[in-house]
Amino acid sequence: MKFKNCFCDLSYISFFRRGPLILRLVLVCAVAAYFPLAALPLYAPLGTASGALGIALRSRLFPHNADMGGMETIYEEHDGGVFAQNASYKTEGEGEASALAAGGVLEPEEFSVSTPLIFFAHTLERGDMIGNLAIKYGLNEGTLISLNGIRNTRAIQAGRALKIPNQDGVMHKVAKGETLESIAKQYNVKPEPLVSANELFGEKINAGTTVFVPGAKMNEAALQEINGDLFIRPIRGRFTSAYGWRRSPITGARSFHRGIDLAAPTGTPIGAGMAGRVTSVGYSPVFGNYVIISHHSNYRTLYAHMSSVRTRTGAYVSTGQTVGYVGNTGQSTGPHLHFEVYKNGVTVNPLQLMH
Ligand SMILES: [Zn+2]
């Protein structure tokens, strides 16, 4: 666009038309190389070939010049053939721009090789899952997990802002004696993108600092652990009632079922859903004999209707350790385990947290 203003006076055209052919050819190539628009009026007398030569020269000199806005329309009006290549270049440029505007990832290889690490925020909404977000943003799940230091993908909470990077990779804490080359080798990637992504122009890294390793993938075992199910099923019982609103089997009234029911014969051992500390053991008219265990990340589990309890308040239990036996105590219509999971004091659907 800006070239229009610079060359509104077209008197230079007549000068070109009078000189020796070879000189004109050289000059038009030079003008086309720097100012393709200004060279446009010169193409006709010298032939399309010189114009094409000039454009080819220019594209060699400025292979990544993205400032081509508005030019391709004019080119097409004058000579579609010569500028076809430029037009397609422009189309690619638009693709990149829209991908960026949409918060997407730069697709062309030349960009993915050495792009500084930038990211924007995604505030987690209820129901957001790392796996789905990774698909949405065209990233590996491990990238989001690593960059955000997520220790359990099932324990991510709505309202938390996640960093969404512009490229795949993992965070790496630099150990003593490690170099960019050794880190790159560890992850089977090239060292150069490490420099640009972390803007390490001195190429010196200190132990203890964290660097982003572009293109690196998270260790599969670590990923499985982080993605692993938070709770195990306390018993291998028959699933008889879901979490949520239902008609009460006792009163017939609509009520909210705060846990899940798993039916099993009386005396079936009940295992702790996850390691933790027993914070409550007791009897209530509703739950019968019950046990409450506190876990990490503000989780608590409740086991109700036990025939008998096999733990005590304050005891530390491991995952799957027997804490009691299936029974029919309290408000119960048959031997089963009523299992509740609390997160920050609020019940959540246990099925979303276990196998
Ligand atoms: Zn129940």
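Every number in this text was worked out from the coordinates using simple rules, so none of it is lab data. Computed from a predicted structure; not experimentally measured. Methodologically, a virtual Cβ is constructed for each residue, glycine included, from the backbone with ideal geometry; neighbour enumeration extends over all protein chains shown.
Multiplying the residue separation of Ala207 and His296 by 0.36 nm and subtracting their alpha-carbon distance yields 29.0 nm. Extension gain, Ile250 to Asn349: 0.36 nm times the residue separation minus the Cα-Cα distance gives 33.5 nm.
In this structure, Glu125 and Met171 have a Cβ-Cβ separation that, at R0 = 22 Å, corresponds to a calculated FRET efficiency of about 0.35. Within the stretch 271-355, the trypsin sites (Lys or Arg not before Pro) that combine a DSSP coil assignment with at most 12 other C-beta atoms in a 10 angstrom radius are Arg312.
Filter the cross-link list Lys136/Lys185; Lys136/Lys190; Lys173/Lys204 down to pairs whose alpha-carbon distance in this structure exceeds 23 Å. Don't skip to the answer; put the middle values down first.
Numbers: Lys136/Lys185 30 Å; Lys136/Lys190 27 Å; Lys173/Lys204 14 Å.
Violating the 23 Å limit, Cα to Cα: Lys136/Lys185; Lys136/Lys190.
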